[in-house]
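Please read the structure below before turning to the comments.
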Amino acid sequence: MSDEENIRYNRQIILRGWGIEAQEKVKASHVLVIGAGGLGCPILSYLVAAGVGTIGIMDFDVVETSNLQRQVIYDMNDVGKNKAFAASQKLKAFNPLIGIVAIEKGIEKSNALEIIGEYDLVVDATDNFETRYLINDACVILNKPFVFASILGFEGQVSVFNYKEGPTYRCLYPEPPAKENAPNCNENGVIGALAGTIGSIQANEVLKIISGIGEPLSGKLLILDLLNNKYTTLTVAPVAENKKIKTLGEYNIICNTSPVTFLAKKDFAVKFSQIPHLAIDVSDEYEFVPIEKEAKNIPLYDIEEYDFGNTSVPIVLYCKSGLRSKQAALLLAQKGMKNIFCLTYS
């Protein structure tokens, strides 16, 4: 421990049961945080502040204005930027004594084992069931603990899975619910303070595990209702069969397997100068600004019904702010179209 580290982390070093030994364990640890959104922001903030030696930040998504209500690492200057990249830049400036790795893509079956294998522990800060099953199964195969949480409305849940002989995520939820029964924050909302509260508890669980002090929430599900100030703890029993996973299954992760690629507008000319493509401004006709000579104007309200025929070239969507082009990209993706690019303004 350097003098600078001793000063910076003094308030936790002097905690009873912590000391230099626990801080050295924290410094030597490698933690992967999957998701840099509502939960990811407080998790990352406190792990970086605590001096976790190496932190991987994994997220494929970009910052939107609607995120700022609860994703407090970001500001308006980050809108359109990849979350992993934007968060890493802010956090490196906050604590230059640790290593921070930005992984600007989603967790998938094809990369889960390789990426998770590089870390001691995984923190699930995602927002869909299928991704959690993939994280769980990869952690079981690699014998890595992971800290889980979910939030919706005013209620959140936290637990620790695959820790020592404790239960896995499948011991709590053996199978994912039908998609029509799976609630999400986009449709039902979430109070920003809940993300901060639950994410802070997740960060604390991580620190307990890697430092070796305290009792992690393994075998327990903590449920918080912030609207009525109710805290409930349920027991989760381990199921031996769930620890026998040897290979990854099939995971329908819509959020992380999108055919849409986000590209900074400033990089457009370099990437597509020698590649056949179709550039489309989805602004209204009176706003149309050709990004190149061959660019077309197809307003957002017409894009879903537009006949692209059998085109196989990349489709590059853009607009003045990047918001309508993202909507257009998602509409085309829902129609089953591939190879879609959406220009951002990072």
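The values are calculated or read from the model by the stated rules, or taken from the named source; none is laboratory data. In this text the structure is predicted, and so the values were computed from the model without any measurement. As a convention, Cβ positions derive from the backbone with ideal geometry for all residues, glycine included, and neighbour counts pool all protein chains shown. These area figures cover heavy atoms from the full protein model, side chains too; ligands, DNA and RNA do not enter into them. Shrake-Rupley method; radii C 1.70, N 1.55, O 1.52, S 1.80 Å.
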Open item on the list: Under the 0.36 nm per residue contour assumption, what length would be gained going from the current alpha-carbon distance of Tyr286 and Tyr173 to full extension?
Closed with: 35.5 nm
Task: DSSP H segments from the chain that extend 27 Å or more along their own axis, Cα-based, with Kyte-Doolittle mean of 0.0 or above - done: 192-211
Task: 3J(HN,Hα) from dihedral phi, the range 282-295, Karplus parametrisation 6.51/-1.76/1.60, rounded to Hz, x for glycine, proline - done: 9, 6, 5, 4, 5, 9, 4, 10, x, 6, 7, 4, 8, 4
Open item on the list: Take Ile20 and Gln327, extend 7 Å from each Cα along the Cα→Cβ direction, and tell me the distance between the two endpoints in nm.
Closed with: 6.0
Open item on the list: For a quick check of your reading of the filter: which trypsin sites (Lys or Arg not before Pro) in the range 215-254 sit in a DSSP loop and have no more than 11 other Cβ atoms within 10 Å?
Closed with: Lys244, Lys246
TODO: Based on alpha-carbon positions alone, could you give the equivalent ellipsoid semi-axes of the chain from the gyration tensor, as √(5λ), descending, whole Å?
DONE: 38, 23, 19
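Send over a whole-number figure in Å² for the accessible area per residue of the chain, probe 1.4 Å.
49
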Task: Mean shadow area of the range 11-112 over all directions, Cα convex hull, nm² - done: 7.2
TODO: Leaving ligands, DNA and RNA out of it, report the carbon-plus-sulfur percent of the accessible area of the range 101-157 at a 1.4 Å probe.
DONE: 46
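So how do Asp267, Asp225 rank on accessible area, 1.4 Å probe, biggest first, that is with the largest at the start?
Result of the area sort, largest leading: Asp267, Asp225.
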- [ ] Quick one: compute the contact order of the chain, relative version, from alpha carbon pairs under 8 angstrom and 6+ residues apart, as a percent.
- [x] 15
TODO: Mind grabbing the accessible area of Thr126 for me, 1.4 Å probe, Å², rounded to tens?
DONE: 20
TODO: Distance between Cα centroids, the range 279-346 to the range 1-59: provide it in whole Å.
DONE: 42
- [ ] Just tell me the longest site-free run in the chain, where the sites are GluC sites (Glu not before Pro) in a DSSP loop having at most 15 other beta-carbon atoms within 10 Å.
- [x] 1-117
Task: Computed magnitude of the charge dipole of the range 74-219 (debye, nearest 20; Cβ of K, R +1, Cβ of D, E -1) - done: 300
TODO: Can you tell me the equivalent ellipsoid semi-axes for the range 266-346? Use √(5λ) from the Cα gyration tensor, largest first, whole Å.
DONE: 17, 16, 12
- [ ] In a Gaussian network model over the chain where Cα atoms closer than 10 Å are linked, find which of Asp307, Asp127, Asp137 has the largest mean-square fluctuation.
- [x] Asp307
Task: Rh by Kirkwood over Cα pairs, then Stokes-Einstein D for the range 203-346 at 0.692 mPa s and 37 °C, µm²/s - done: 169
Open item on the list: Just to check I understand the Karplus step: with θ = phi - 60° and J = 6.51 cos²θ - 1.76 cosθ + 1.60, what whole-Hz values come out for the range 261-266, glycine and proline as x?
Closed with: 10, 8, 9, 4, 4, 5
Task: Segment Ala269-Ala237, length gained on full extension (0.36 nm per residue, minus Cα span) - done: 5.9 nm
